[in-house]
1. Need one number: convex hull volume per residue for the chain, Cα atoms only, in Å³.
2. With contacts defined as alpha carbon pairs under 8 Å and 6 or more residues apart, what's the relative contact order of the chain in percent?
3. Quick one: ranking Ser94, Ser143, Ser101 by accessible area, 1.4 Å probe, largest first, what do you get?
4. Could you list which residues have their amide H under 5 Å from that of Asp66, counting only those 5 or more apart in sequence or on another chain, with H placed in the peptide plane?
5. I'd like the FRET efficiency for Leu95 and Ala32, computed as 1/(1 + (r/R0)^6) with the beta carbon distance as r and R0 of 41 Å, rounded to 0.05.
6. Just to confirm, what accessible area per residue do you get for the chain at 1.4 Å probe, in whole Å²?
7. Return the carbon/sulfur percentage of the accessible area of the chain, one whole number, probe 1.4 Å, all protein chains in place.
8. What nm distance separates the two modelled labels at Leu125 and Lys150, each placed 7 Å from Cα along Cα→Cβ?
Amino acid sequence: MVDLTQIMDDEVFMAFASYATIILSKMMLMSATTAFYRMTTKVFANPEDCVTFGKGENAKKYLRTDDRVERVRRAHLNDLENIVPFLGIGLLYSLSGPDLSTAILHFRLFVGARIYHTISYLTPLPQPNRGLSFFIGYGVTLSMAYRLLKNKLYL
């Protein structure tokens, strides 16, 4: 059985924990950004949220969609679809004893790609900016999964 202090002393695990914290904080910021856009544009998805700005038929005019709100919401949804697999595979990868420099390269590339993806989504920058950043992040996760399956798991 591995002692928790051994895991906390592992540099690769601590690097993963650091980059996971950065990327999860960024994902939490996307929730706040979505709420900010909804409040400033007065665009809501649920009828009960509209009550603050009006009653009855007057409240229904706030129950609509807005391109800017939808763009932020889609960027957040894309984060959820990509960060969760990175966290699971990255945790297993970091516990498998990889080389520190290789692991940090994986973590930095993923975090950088996700931050750039958000910037390119919200600005919006022309393609292939968003596509390239998506595939870099996705490729990093696949690379960690491949290395994990190839070197450490018994199939």
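1. Considering the Cα atoms of the chain, their hull volume per residue is 145 Å³.
2. With pairs under 8 Å counted, the relative contact order is 27 percent.
3. On the way: Ser94 0, Ser143 35, Ser101 80 Å².
The ordering from most to least exposed comes out as Ser101, Ser143, Ser94.
4. Residues meeting the amide H criterion: none.
5. Efficiency, rounded to the nearest 0.05: 0.85.
6. Accessible area per residue, the chain: 62 Å².
7. 64 percent
8. 2.9 nm
The values are calculated or read from the model by the stated rules, or taken from the named source; none is laboratory data. If you're wondering where the values come from, they're calculated on a predicted model, not measured in any experiment. Counting neighbours? That spans all protein chains shown, and the Cβs are built from the backbone with ideal geometry, glycine included. Heads up: the accessible areas ignore ligands, DNA and RNA and are worked out on the full protein's heavy atoms, side chains in. Shrake-Rupley method; radii C 1.70, N 1.55, O 1.52, S 1.80 Å.
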